[in-house]
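Undergrad: Can you read through this structure? Questions will come right after.
The values are calculated or read from the model by the stated rules, or taken from the named source; none is laboratory data. Remember, it's a predicted structure, so these values are computed and weren't measured experimentally. Here the Cβ is made from the backbone with ideal geometry for all residues, glycine too, and neighbour counts use every protein chain on show. SASA here: full protein model, heavy atoms, side chains in, ligands and nucleic acids out. Shrake-Rupley method; radii C 1.70, N 1.55, O 1.52, S 1.80 Å.
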Amino acid sequence: MMLKRLSELYGVSGDEEEVRNFIKLQIKDDVDDMIEDAYGNLIARKGKKKLPKIMLAAHMDEVGFMITAVEKNGLLRFRSIGILPQVVLAKRVAFRNKDIKGVIGAKPVHQLKPEEQKSIPEPDQLFIDIGVSSKEEAEKLVQVGDYCTFDTRFRRQGNTIFGKAFDNRVGCYVLIQLIKNYDLPCYYTFTVQEELGLMGARIAGYRIDPQIALAVDTTASGKWPTEKDLPQYPELNKGPAISIADRSVICDKELTGLIIKTAQENSIPYQFKRPMIGGTDAGEIHLVKRGVKSAVLCTPARYIHSPLSIASLKDIEALIKLLNLSIKKILTRGELWN
Ligand code: ZN
(Lines give C-alpha, C1' and ligand atoms only; values in the text may rest on other atoms or scores of the structure.)
Protein backbone atom coordinates (compact mmCIF):
# COMPACT_ATOMS: atom_id res chain seq x y z
CA MET A 1 0.00 0.00 0.00
CA MET A 2 1.49 3.33 -1.06
CA LEU A 3 0.31 5.10 2.11
CA LYS A 4 2.25 2.57 4.19
CA ARG A 5 5.41 3.24 2.19
CA LEU A 6 5.00 7.00 2.46
CA SER A 7 4.29 6.86 6.19
CA GLU A 8 7.32 4.73 6.98
CA LEU A 9 9.83 6.81 4.98
CA TYR A 10 12.15 9.09 6.95
CA GLY A 11 11.99 12.76 6.09
CA VAL A 12 12.36 15.20 8.95
CA SER A 13 12.42 18.88 7.90
CA GLY A 14 15.68 19.54 6.06
CA ASP A 15 16.22 15.83 5.32
CA GLU A 16 13.49 15.05 2.78
CA GLU A 17 15.67 13.19 0.24
CA GLU A 18 14.19 9.72 0.82
CA VAL A 19 10.64 11.00 0.41
CA ARG A 20 11.54 13.05 -2.67
CA ASN A 21 13.20 10.07 -4.35
CA PHE A 22 10.21 7.85 -3.65
CA ILE A 23 7.76 10.40 -5.07
CA LYS A 24 9.92 10.95 -8.18
CA LEU A 25 9.76 7.22 -8.95
CA GLN A 26 6.01 7.14 -8.49
CA ILE A 27 5.19 10.06 -10.81
CA LYS A 28 8.00 10.18 -13.39
CA ASP A 29 5.98 8.50 -16.18
CA ASP A 30 2.88 10.57 -15.56
CA VAL A 31 4.16 14.17 -15.67
CA ASP A 32 5.41 16.41 -18.49
CA ASP A 33 8.35 17.76 -16.57
CA MET A 34 9.77 17.66 -13.12
CA ILE A 35 12.48 19.67 -11.40
CA GLU A 36 14.12 19.65 -8.03
CA ASP A 37 15.02 23.19 -6.98
CA ALA A 38 18.08 24.33 -5.05
CA TYR A 39 16.20 24.07 -1.78
CA GLY A 40 14.89 20.53 -2.33
CA ASN A 41 11.32 21.16 -3.44
CA LEU A 42 10.05 18.80 -6.13
CA ILE A 43 7.93 20.58 -8.74
CA ALA A 44 6.14 18.45 -11.33
CA ARG A 45 4.06 19.89 -14.17
CA LYS A 46 1.33 18.15 -16.03
CA GLY A 47 -0.50 19.48 -19.11
CA LYS A 48 -0.02 22.53 -21.34
CA LYS A 49 1.42 25.72 -19.91
CA LYS A 50 -1.75 27.80 -19.92
CA LEU A 51 -3.53 30.13 -17.54
CA PRO A 52 -4.57 30.01 -14.82
CA LYS A 53 -1.50 28.40 -13.34
CA ILE A 54 -2.71 26.21 -10.49
CA MET A 55 -0.18 25.25 -7.86
CA LEU A 56 -0.94 22.31 -5.60
CA ALA A 57 1.33 22.11 -2.58
CA ALA A 58 1.90 19.26 -0.12
CA HIS A 59 4.88 19.22 2.21
CA MET A 60 7.13 16.17 2.31
CA ASP A 61 8.73 16.84 5.69
CA GLU A 62 7.64 15.39 9.01
CA VAL A 63 8.32 16.24 12.62
CA GLY A 64 11.34 14.62 14.29
CA PHE A 65 14.70 15.30 15.88
CA MET A 66 18.14 16.60 14.97
CA ILE A 67 21.17 15.50 16.99
CA THR A 68 22.92 18.53 18.48
CA ALA A 69 25.59 17.02 20.76
CA VAL A 70 27.04 13.73 21.96
CA GLU A 71 27.62 13.46 25.71
CA LYS A 72 30.64 11.73 27.29
CA ASN A 73 28.50 8.74 28.25
CA GLY A 74 27.23 8.29 24.69
CA LEU A 75 23.80 9.85 25.22
CA LEU A 76 22.62 12.10 22.39
CA ARG A 77 21.26 15.59 22.88
CA PHE A 78 18.72 16.70 20.31
CA ARG A 79 16.61 19.52 18.97
CA SER A 80 12.92 18.75 18.49
CA ILE A 81 11.31 19.78 15.24
CA GLY A 82 7.57 20.27 15.78
CA ILE A 83 7.34 17.98 18.82
CA LEU A 84 6.64 18.72 22.48
CA PRO A 85 8.22 16.75 25.38
CA GLN A 86 4.75 15.48 26.43
CA VAL A 87 4.63 12.97 23.58
CA VAL A 88 8.22 11.73 23.37
CA LEU A 89 9.07 10.02 26.65
CA ALA A 90 10.23 6.40 26.24
CA LYS A 91 9.38 6.41 22.52
CA ARG A 92 11.47 4.47 20.02
CA VAL A 93 13.32 6.40 17.33
CA ALA A 94 15.21 5.36 14.19
CA PHE A 95 17.88 6.98 12.04
CA ARG A 96 17.55 7.16 8.26
CA ASN A 97 19.89 5.03 6.14
CA LYS A 98 21.41 3.46 9.21
CA ASP A 99 20.27 0.43 11.06
CA ILE A 100 20.36 2.35 14.31
CA LYS A 101 17.52 2.48 16.75
CA GLY A 102 17.23 4.40 19.95
CA VAL A 103 14.85 5.40 22.67
CA ILE A 104 14.08 8.81 24.13
CA GLY A 105 15.45 8.31 27.61
CA ALA A 106 13.30 8.86 30.62
CA LYS A 107 14.18 8.11 34.21
CA PRO A 108 12.36 5.00 35.44
CA VAL A 109 9.77 5.50 38.14
CA HIS A 110 12.15 4.14 40.79
CA GLN A 111 14.58 7.00 40.24
CA LEU A 112 12.06 9.84 40.10
CA LYS A 113 11.65 12.11 43.09
CA PRO A 114 7.99 12.63 44.13
CA GLU A 115 7.87 16.13 42.62
CA GLU A 116 9.39 14.83 39.37
CA GLN A 117 6.59 12.28 39.03
CA LYS A 118 4.08 15.09 38.66
CA SER A 119 5.86 17.08 35.97
CA ILE A 120 6.95 16.72 32.38
CA PRO A 121 10.72 17.02 31.87
CA GLU A 122 12.11 20.16 30.28
CA PRO A 123 13.48 19.61 26.74
CA ASP A 124 17.09 19.91 28.05
CA GLN A 125 16.50 17.02 30.45
CA LEU A 126 15.76 14.64 27.59
CA PHE A 127 18.22 12.58 25.56
CA ILE A 128 18.31 9.80 22.98
CA ASP A 129 19.90 6.54 24.09
CA ILE A 130 21.24 4.29 21.32
CA GLY A 131 22.53 1.69 23.74
CA VAL A 132 26.22 2.64 23.81
CA SER A 133 28.31 3.72 26.80
CA SER A 134 30.79 6.29 25.49
CA LYS A 135 31.12 9.28 23.19
CA GLU A 136 33.59 7.33 21.01
CA GLU A 137 31.19 4.45 20.51
CA ALA A 138 28.29 6.80 19.79
CA GLU A 139 30.25 8.85 17.25
CA LYS A 140 31.01 5.75 15.20
CA LEU A 141 27.25 5.47 14.62
CA VAL A 142 25.78 8.96 14.77
CA GLN A 143 27.12 12.46 14.08
CA VAL A 144 25.93 15.88 15.16
CA GLY A 145 23.45 17.05 12.52
CA ASP A 146 21.98 13.59 11.88
CA TYR A 147 18.22 13.29 11.97
CA CYS A 148 15.95 10.67 13.48
CA THR A 149 12.24 10.25 13.91
CA PHE A 150 9.72 7.92 15.51
CA ASP A 151 10.10 4.24 14.73
CA THR A 152 6.43 3.59 14.01
CA ARG A 153 4.99 0.88 11.74
CA PHE A 154 1.91 1.52 9.63
CA ARG A 155 -1.28 -0.43 10.24
CA ARG A 156 -4.70 -0.53 8.63
CA GLN A 157 -7.97 -1.62 10.19
CA GLY A 158 -10.82 -1.33 7.71
CA ASN A 159 -11.01 2.30 6.68
CA THR A 160 -8.85 3.47 9.56
CA ILE A 161 -5.09 3.87 9.23
CA PHE A 162 -2.51 4.21 11.98
CA GLY A 163 1.03 5.48 11.42
CA LYS A 164 3.55 8.24 11.71
CA ALA A 165 4.06 11.28 9.46
CA PHE A 166 0.49 11.44 8.15
CA ASP A 167 1.24 15.18 8.42
CA ASN A 168 1.86 15.37 5.55
CA ARG A 169 2.53 12.15 3.66
CA VAL A 170 -1.25 11.90 3.34
CA GLY A 171 -1.13 15.16 1.39
CA CYS A 172 1.72 13.79 -0.76
CA TYR A 173 -0.39 10.69 -1.41
CA VAL A 174 -3.34 12.84 -2.49
CA LEU A 175 -1.19 14.73 -5.01
CA ILE A 176 0.35 11.49 -6.36
CA GLN A 177 -3.14 10.03 -6.87
CA LEU A 178 -4.28 13.16 -8.70
CA ILE A 179 -1.24 12.96 -10.97
CA LYS A 180 -1.67 9.27 -11.72
CA ASN A 181 -5.43 9.02 -12.11
CA TYR A 182 -6.58 12.34 -13.55
CA ASP A 183 -5.58 14.68 -16.31
CA LEU A 184 -5.43 17.99 -14.52
CA PRO A 185 -3.00 20.61 -15.86
CA CYS A 186 -1.36 21.79 -12.64
CA TYR A 187 1.95 22.38 -10.91
CA TYR A 188 2.21 19.61 -8.33
CA THR A 189 4.62 20.81 -5.68
CA PHE A 190 6.10 18.65 -2.96
CA THR A 191 7.64 21.14 -0.57
CA VAL A 192 10.38 20.98 2.08
CA GLN A 193 10.69 22.44 5.58
CA GLU A 194 7.03 23.30 6.14
CA GLU A 195 7.34 22.36 9.80
CA LEU A 196 10.17 24.86 10.25
CA GLY A 197 8.09 27.75 8.96
CA LEU A 198 6.76 27.10 5.43
CA MET A 199 10.24 27.64 3.93
CA GLY A 200 10.01 25.50 0.79
CA ALA A 201 6.58 26.78 -0.23
CA ARG A 202 7.83 30.35 -0.35
CA ILE A 203 10.59 29.51 -2.81
CA ALA A 204 8.44 27.23 -4.96
CA GLY A 205 5.69 29.86 -5.05
CA TYR A 206 8.11 32.45 -6.46
CA ARG A 207 9.32 30.06 -9.12
CA ILE A 208 5.87 28.95 -10.27
CA ASP A 209 4.20 32.38 -9.87
CA PRO A 210 0.70 30.86 -9.89
CA GLN A 211 -2.74 32.50 -10.07
CA ILE A 212 -4.27 29.86 -7.81
CA ALA A 213 -2.77 27.88 -4.93
CA LEU A 214 -4.28 24.90 -3.16
CA ALA A 215 -2.45 23.70 -0.06
CA VAL A 216 -3.18 20.06 0.73
CA ASP A 217 -2.33 19.10 4.28
CA THR A 218 -3.63 17.46 7.44
CA THR A 219 -5.33 19.11 10.39
CA ALA A 220 -5.71 18.15 14.03
CA SER A 221 -8.78 16.09 14.80
CA GLY A 222 -10.12 14.81 18.09
CA LYS A 223 -12.82 15.03 20.68
CA TRP A 224 -11.96 14.84 24.34
CA PRO A 225 -14.44 13.96 27.07
CA THR A 226 -13.62 17.15 28.97
CA GLU A 227 -14.49 19.22 25.93
CA LYS A 228 -17.82 17.61 25.16
CA ASP A 229 -19.62 20.90 24.84
CA LEU A 230 -16.96 22.36 22.62
CA PRO A 231 -16.64 20.26 19.47
CA GLN A 232 -13.81 22.38 18.18
CA TYR A 233 -11.91 20.06 15.91
CA PRO A 234 -12.87 18.30 12.68
CA GLU A 235 -13.77 14.65 13.14
CA LEU A 236 -12.68 11.52 11.31
CA ASN A 237 -15.01 10.11 8.63
CA LYS A 238 -16.82 13.41 8.15
CA GLY A 239 -14.89 14.43 5.05
CA PRO A 240 -11.99 16.77 4.27
CA ALA A 241 -11.65 19.95 6.30
CA ILE A 242 -11.83 23.18 4.32
CA SER A 243 -10.17 26.25 5.86
CA ILE A 244 -11.82 29.63 6.01
CA ALA A 245 -8.73 31.07 7.70
CA ASP A 246 -5.88 30.01 9.95
CA ARG A 247 -3.01 31.82 11.60
CA SER A 248 -1.11 32.07 8.29
CA VAL A 249 -3.75 33.04 5.72
CA ILE A 250 -7.31 34.22 5.16
CA CYS A 251 -8.38 31.94 2.35
CA ASP A 252 -9.76 33.42 -0.86
CA LYS A 253 -13.53 33.63 -0.48
CA GLU A 254 -14.43 33.03 -4.12
CA LEU A 255 -12.09 30.07 -4.49
CA THR A 256 -13.14 28.50 -1.18
CA GLY A 257 -16.79 29.10 -2.12
CA LEU A 258 -16.25 27.26 -5.41
CA ILE A 259 -14.79 24.28 -3.52
CA ILE A 260 -17.67 24.20 -1.02
CA LYS A 261 -20.22 24.40 -3.85
CA THR A 262 -18.46 21.58 -5.68
CA ALA A 263 -18.68 19.41 -2.57
CA GLN A 264 -22.39 20.20 -2.14
CA GLU A 265 -23.26 19.56 -5.80
CA ASN A 266 -21.51 16.20 -5.76
CA SER A 267 -22.60 15.05 -2.28
CA ILE A 268 -19.00 14.93 -1.08
CA PRO A 269 -18.87 15.23 2.73
CA TYR A 270 -16.86 18.17 4.05
CA GLN A 271 -16.35 20.08 7.26
CA PHE A 272 -14.60 23.26 8.26
CA LYS A 273 -11.20 23.44 9.88
CA ARG A 274 -11.68 24.50 13.50
CA PRO A 275 -10.41 26.34 15.41
CA MET A 276 -8.74 28.78 13.02
CA ILE A 277 -5.24 28.02 14.22
CA GLY A 278 -2.09 26.56 12.67
CA GLY A 279 -0.71 27.25 9.23
CA THR A 280 0.04 25.57 5.93
CA ASP A 281 2.09 26.22 2.80
CA ALA A 282 -0.68 28.59 1.65
CA GLY A 283 0.56 30.99 4.35
CA GLU A 284 3.60 31.76 2.22
CA ILE A 285 2.31 31.13 -1.29
CA HIS A 286 -0.55 33.65 -1.02
CA LEU A 287 2.01 36.43 -0.45
CA VAL A 288 4.08 35.74 -3.56
CA LYS A 289 4.58 38.63 -6.03
CA ARG A 290 1.13 40.19 -6.76
CA GLY A 291 -0.63 37.87 -4.33
CA VAL A 292 -2.11 34.44 -5.05
CA LYS A 293 -5.71 33.39 -4.46
CA SER A 294 -5.33 30.48 -2.09
CA ALA A 295 -7.40 27.77 -0.46
CA VAL A 296 -6.53 25.04 2.03
CA LEU A 297 -7.91 21.49 2.15
CA CYS A 298 -6.92 19.08 4.88
CA THR A 299 -7.43 15.49 5.92
CA PRO A 300 -8.35 15.35 9.61
CA ALA A 301 -5.92 13.22 11.63
CA ARG A 302 -5.83 12.53 15.35
CA TYR A 303 -2.58 13.08 17.26
CA ILE A 304 -0.54 14.79 14.54
CA HIS A 305 2.96 15.84 15.66
CA SER A 306 3.26 12.70 17.80
CA PRO A 307 4.61 9.14 17.30
CA LEU A 308 1.33 7.88 15.88
CA SER A 309 -1.62 9.44 14.07
CA ILE A 310 -4.99 8.05 13.07
CA ALA A 311 -6.79 8.97 9.85
CA SER A 312 -9.59 7.66 7.66
CA LEU A 313 -9.25 6.36 4.11
CA LYS A 314 -12.78 7.60 3.46
CA ASP A 315 -11.71 11.20 4.17
CA ILE A 316 -8.67 10.82 1.93
CA GLU A 317 -10.75 9.43 -0.97
CA ALA A 318 -13.28 12.24 -0.53
CA LEU A 319 -10.48 14.82 -0.65
CA ILE A 320 -9.07 13.39 -3.90
CA LYS A 321 -12.54 13.49 -5.47
CA LEU A 322 -13.20 17.03 -4.24
CA LEU A 323 -9.87 18.32 -5.55
CA ASN A 324 -10.37 16.72 -8.96
CA LEU A 325 -13.84 18.21 -9.44
CA SER A 326 -12.89 21.61 -7.99
CA ILE A 327 -9.83 21.96 -10.23
CA LYS A 328 -11.93 21.06 -13.30
CA LYS A 329 -14.34 23.81 -12.35
CA ILE A 330 -11.55 26.35 -11.74
CA LEU A 331 -10.20 25.61 -15.23
CA THR A 332 -13.54 26.28 -16.91
CA ARG A 333 -13.69 29.69 -15.27
CA GLY A 334 -10.16 30.78 -16.09
CA GLU A 335 -11.09 34.41 -16.72
CA LEU A 336 -12.01 34.83 -13.05
CA TRP A 337 -8.53 34.12 -11.86
CA ASN A 338 -6.26 36.19 -14.11
ZN1 ZN B 1 1.36 19.70 7.83
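Undergrad: Could you order Met55, Met66 so the one with the most accessible surface comes first? Probe is 1.4 Å.
TA: Values: Met55 0, Met66 50 Å².
So the residues, ranked largest to smallest area, are Met66, Met55.
Undergrad: Right, something else. Please get the size of the charge dipole for the chain, origin at its Cα centre, with Cβ charges of +1 on Lys and Arg and -1 on Asp and Glu, quoted in debye to the nearest 20. Intermediate values should be presented prior to the final figure.
TA: Values: 49 positive and 43 negative charges, 186 e Å.
Roughly 900 debye for the chain.
Undergrad: Taking only protein heavy atoms into account and a 1.4 Å probe, give the accessible area per residue of the chain in Å². Present the calculation step by step, with values, prior to reporting the outcome.
TA: Working: 15560 Å² over 338 residues.
That works out to 46 Å² per residue.
Undergrad: At a 1.4 Å probe radius, which order do Ser294, Ser134 fall into by accessible area, largest first?
TA: Solvent-accessible surface, decreasing: Ser134, Ser294.
Undergrad: Work the Kirkwood hydrodynamic radius out for segment 247-338: mean of 1/r over every pair of different alpha-carbon atoms, inverted, in Å.
TA: On the way: mean 1/r = 0.0684 Å⁻¹.
Radius from the Kirkwood sum: 14.6 Å.
Undergrad: Roughly how tilted is helix 199-208, in degrees to the nearest 10 and between 0 and 90, from the longest Cα axis of the chain?
TA: 30 degrees
Undergrad: Additional query: Which of the trypsin sites (Lys or Arg not before Pro) across segment 135-182 are loop residues per DSSP, with 12 or fewer other Cβ within 10 Å?
TA: Details: sites: Lys135, Lys140, Arg153, Arg155, Arg156, Lys164, Arg169, Lys180; in loops: Arg153, Lys164.
When the trypsin sites (Lys or Arg not before Pro) of segment 135-182 are filtered for loop state and at most 12 Cβ neighbours within 10 Å, Arg153 remain.
Undergrad: Starting from segment 99-144, pick out the GluC sites (Glu not before Pro) whose DSSP state is loop and whose Cβ has at most 11 other Cβ atoms within 10 Å.
TA: Details: sites: Glu115, Glu116, Glu136, Glu137, Glu139; in loops: none.
Within segment 99-144, no GluC sites (Glu not before Pro) qualify (loop, at most 11 other Cβ atoms within 10 Å).
Undergrad: When the accessible area of the chain is computed with all protein chains present and a 1.4 Å probe, what percentage of it is carbon and sulfur?
TA: Working: 7980 of 15560 Å².
Percent of accessible area from carbon and sulfur atoms in the chain: 51.
Undergrad: With every protein chain left in place and a probe of 1.4 Å, what is the accessible surface of His286, to the nearest 10 Å²?
TA: Looks like 40 Å² after rounding.
Undergrad: Could you check the spin-label model distance between Met2 and Tyr206? Points 7 Å from the Cα along Cα→Cβ, value in nm.
TA: 3.1 nm
Undergrad: In this model, which of Lys48/Lys253; Lys223/Lys261; Lys273/Lys329; Lys223/Lys328; Lys4/Lys328; Lys48/Lys328 are farther than 25 Å apart at the alpha-carbon? Please list the in-between numbers first.
TA: On the way: Lys48/Lys253 27 Å; Lys223/Lys261 27 Å; Lys273/Lys329 22 Å; Lys223/Lys328 35 Å; Lys4/Lys328 29 Å; Lys48/Lys328 14 Å.
Going by Cα-Cα distance, Lys48/Lys253; Lys223/Lys261; Lys223/Lys328; Lys4/Lys328 fall outside the 25 Å limit.
Undergrad: For Leu325, Leu84, give the ranking by accessible area with the largest first, probe 1.4 Å. List each step's numbers first, then the result.
TA: On the way: Leu325 50, Leu84 115 Å².
Descending order: Leu84, Leu325.
Undergrad: In segment 236-270, which trypsin sites (Lys or Arg not before Pro) are in a loop and have at most 14 other Cβ atoms within 10 Å, using DSSP for the loop call? Working shown, then result.
TA: Working: sites: Lys238, Arg247, Lys253, Lys261; in loops: Lys238, Arg247.
In loop regions of segment 236-270 (DSSP not H, G, I, E or B), the sparsely surrounded trypsin sites (Lys or Arg not before Pro) are Arg247.
Undergrad: Right, another one. Compute the normalised compactness of segment 201-314: alpha-carbon radius of gyration over 2.2 N^0.38 Å, N being the residue count. Could the numbers behind the result be given before it?
TA: Numbers: Rg = 14.8 Å, N = 114, 2.2 N^0.38 = 13.3 Å.
So segment 201-314 has a normalised radius of gyration of 1.11.
Undergrad: Could I ask something else about it? If you stretched the chain out fully between Asp124 and Ala90, how much longer would it get, using 0.36 nm times the residue separation minus the C-alpha to C-alpha distance? Kindly include the intermediate steps, with their values, before the conclusion.
TA: Working: separation 34, 0.36 × 34 = 12.24 nm, distance 1.53 nm.
Gain in length upon complete extension: 10.7 nm.
Undergrad: Moving to a separate point now. Can you give the charge dipole size of segment 64-150 about its Cα centre, rounded to the nearest 20 debye, using +1 on the beta carbon of Lys and Arg and -1 on the beta carbon of Asp and Glu?
TA: Values: 13 positive and 11 negative charges, 41 e Å.
Approximately 200 debye in magnitude.
Undergrad: Let me ask something else. In whole angstrom, how far apart do the alpha carbon centroids of segment 244-312 and segment 52-78 sit?
TA: 24 Å
Undergrad: Would you mind giving the average projected area, over all directions, of the Cα convex hull of the chain in nm² with one decimal?
TA: Values: hull surface 74.4 nm².
Convex hull of Cα atoms, orientation-averaged projection: 18.6 nm².
Undergrad: Rounded to the nearest 5, what is the percent of antiparallel bridges among the DSSP beta bridges in the chain?
TA: Values: 38 of 60 bridges.
So the antiparallel bridges in the chain amount to around 65 percent.
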